[in-house]
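Peer 1: Below is a structure I'd like to ask you about.
Derivation of every value follows stated rules applied to the coordinates shown; laboratory data play no part. Please read all numbers here as calculations on a predicted model, not as lab measurements.
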Amino acid sequence: MTRLFAFIRKEFLQFKRDPKMLAMSILSPLLQLILLGYAASFDISHIPTAVWDRDGSAMSRSYIDAFQASDAFKVLSPLQSREELVRRLDTGEAALALIIEEGFQSHILAGESPKVAALVDGTDTNTATSGLFYSGEVTKSFVQRSRKPPLTSLMTHKAGQVVPRMRVTFNQSLESRYFLVPGILGLVLMIITMTLTSLAIVKEKEKGTLEQVMVTPVKGWEVILGKLIPFAVIGMIDVLLVIGAAVFLFGIPLKGSLALLLALSFLYLLSMLGLGLFISTISRTQQQAMLTAVFFIITPMVFLSGFIFPVRNMPEGIQLVTPLLPLKHYLEIIRGIFLRGAGIRQLWAPVSALAVLSLGIFSVSLLRFRKSSE
């Protein structure tokens, strides 16, 4: 134990002598969370909307006012010709264009359906889908307000209507930030812990200092623990910083147990340390280690773990691969603890999967590291 503590102290001294690496290890996760937390959002609002009102009536202006009153749309200056409409769509100045045909008011007063065309820029499918949905809702609401019931209907018995009362649980405001920010914690821990671990070990291999340590009386397991424990400590510091920023900066409530979240975060860190150790055994240079981490581990985990795209929407063949990704299970855990206040009983399945993966990855990496060192 004395040799192990001395080795760990040596690793922390190396961090002290390299303030840039220490700053990147601790401050970088916090900066990434702030940038991604504010920049990354699936919420669609203020869609630039161009309107060509060919009717020019009071009802058509009231219809346009309904779009202006909605936070989903930002109505631009009125159009005067079809050429101007096409130009705004082609240049990207407008993402949605409305054409209100002549006779809009007269058709409504006559109980008929007026013609309104909606042109949507499909290059951004998320904005296009939201624009079509919100424009349909605005139109439906406008029609209900403007339509007057005929006199004959007042003399007949009115049929009952089903009026659902809907309530959103766990995220009443439906803000995507509540979904993304907890997931960013798993993404940031993966990038920082895994890449720094692999780069630090490969850096010593390049300099030849790792071989010098291996020929000393220090045992192999002491070398491994002495290398990984400092990164585990830094990783847990990052966990606390990111959780604090999520709660106090972004206002996301931590409904579950902080102790459980920290314990399962350490379990997740174990898998990331194992991956970093494994990368260091198959890489000869820091450039190789970085490219291996980015292209073969980080990129697949980001796209296949459910961080951005729901796993259930992926092809069945890819869904069979996703359980092998530690980030997938950690995202289920952290979002469950943060947003639903879930405990170990509700999270038993992802916790068990993450424990098996973490122990398996770490064990294989240890054996690989010992074999490559020998």
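Peer 1: Under a 5 Å amide H to amide H cut-off, with H placed in plane at 1.01 Å, what residues pair with Val51 once short-range neighbours are removed?
Peer 2: Leu76, Leu79, Leu98
Peer 1: With the Cα gyration tensor of the chain in hand, convert its eigenvalues to equivalent ellipsoid semi-axes via √(5λ) and list them largest first in whole Å.
Peer 2: Working: eigenvalues 661, 106, 58 Å².
Its equivalent ellipsoid spans semi-axes of 58, 23, 17 Å.
Peer 1: Moving to a separate point now. Counting helices only, and only those DSSP H runs with n ≥ 4, report the 222 nm mean residue ellipticity of the chain as the sum of -39,500 (n - 2.57) divided by its residues, in deg cm²/dmol to the nearest 500. Let's see the in-between values first.
Peer 2: On the way: 17 runs with 229 residues, N = 374.
After summing the helix terms and dividing by the residues of the chain, the value is -19500 deg cm²/dmol.
Peer 1: Students often forget the sequence filter, so: which aspartates and glutamates lie under 16 Å Cα-Cα from Lys207 once same-chain residues fewer than 8 apart are removed?
Peer 2: Glu11, Asp18
Peer 1: If one computes the Cα centroid of the stretch 53-69 and of the stretch 297-372, what distance in Å separates the two points?
Peer 2: Measuring centre to centre over Cα atoms gives 51 Å.
Peer 1: Distance check, please: which entries in Lys16/Lys255; Lys20/Lys328; Lys74/Lys115 exceed 27 angstrom between their Cα atoms?
Peer 2: Details: Lys16/Lys255 37 Å; Lys20/Lys328 31 Å; Lys74/Lys115 22 Å.
Too far apart for the 27 Å limit: Lys16/Lys255; Lys20/Lys328.
Peer 1: Could you bin all the Cα-Cα distances of the stretch 209-334 into 5 Å bins starting at 0 and give me the percent of pairs in each, rounded to whole numbers?
Peer 2: 2, 8, 14, 17, 18, 16, 12, 7, 4, 2, 0
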